Amino acid sequence: MSLLQHLHPSTVHFPIALLLLGSALTLLHLLRRAPLDLKVTVWLLLSLGWLGGAVAVLTGLLAQVNLPPDAPYRTVLNFHIGAGLAVLVVYGFLLYRGWLYRGVKAQKARQKRGVATGDLLDDETARTWIAAVVVVGALLIVATGWYGGLRL
């Protein structure tokens, strides 16, 4: 087994933990009854998890380069790769939207409309789609792990 094949399994655990914990805290923040400000923690966990996920995807892609194209597990591996990339897209979308929401133009537009929220996680109109995004992201993480760690 090459060094790259050893690197991928050792790089996936932190992104999995960070993204799943970030998703759980996002849902807790969105569905809370008592005031509990988890925004800084959520954005930090999701950002670090996304960066770690990018490293995990990169090491995974490099590790599979020399595998035979007609290997019997290629279908499972392709699903694993696709789901891993989908995780990056889903969480990247949420991080990008949060970044845009905090931008100067967006803040000025909200001030003109009289909306006081300064963070996407506190925007009442975005709560449903944010919850859907983190649930889909968490399910993709589970599917990626299932078809990667258990099947390959």
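Note on the stretch 58-80: among residues that are surrounded by 12 or more Cβ atoms within 10 Å (Cβ to Cβ) and touching a Ser or Thr at 6+ places or on another chain (Cβ under 9 Å), the one that is nearest to L46 (Cα to Cα) is L58. Quick one: in the stretch 1-22, which of the residues that are hydroxyl-bearing (S, T, Y) and either without any contact (Cβ under 8 Å) to a residue 12 or more places away in the chain or part of a helix (DSSP H, G or I) (or both) is surrounded by the fewest Cβ atoms within 10 Å (Cβ to Cβ)? The extreme case among them is S10. Of all the listed residues (L95, L121, L48), the sole one being more than 29 Å from L7 (Cβ to Cβ), in contact with a Leu (Cβ under 9 Å, 6 or more places away or on another chain) and modelled with pLDDT of 90 or more is L121.
In the set (1) in a helix (DSSP H, G or I); (2) within 25 Å of H8 (Cα to Cα); (3) not β-branched (V, I, T), the condition left unmet by Q107 is number (2).
Scanning the stretch 23-42 for residues that are closer than 15 Å to R127 by Cα, surrounded by 14 or more Cβ atoms within 10 Å (Cβ to Cβ) and either aliphatic (A, V, I, L, M) or modelled with pLDDT of 95 or more (or both) gives S23, A24, L25, T26, L27, L30, L38, V42. When R97 is tested against the conditions (1) part of a loop (DSSP other than H, G, I, E, B); (2) surrounded by 13 or more Cβ atoms within 10 Å (Cβ to Cβ); (3) of a type in the set (D, E, K, R), the lone failure is (1).
The values are calculated or read from the model by the stated rules, or taken from the named source; none is laboratory data. Computed from a prediction, not measured in an experiment: that's the story for all the values here. Here the Cβ is made from the backbone with ideal geometry for all residues, glycine too, and neighbour counts use every protein chain on show.
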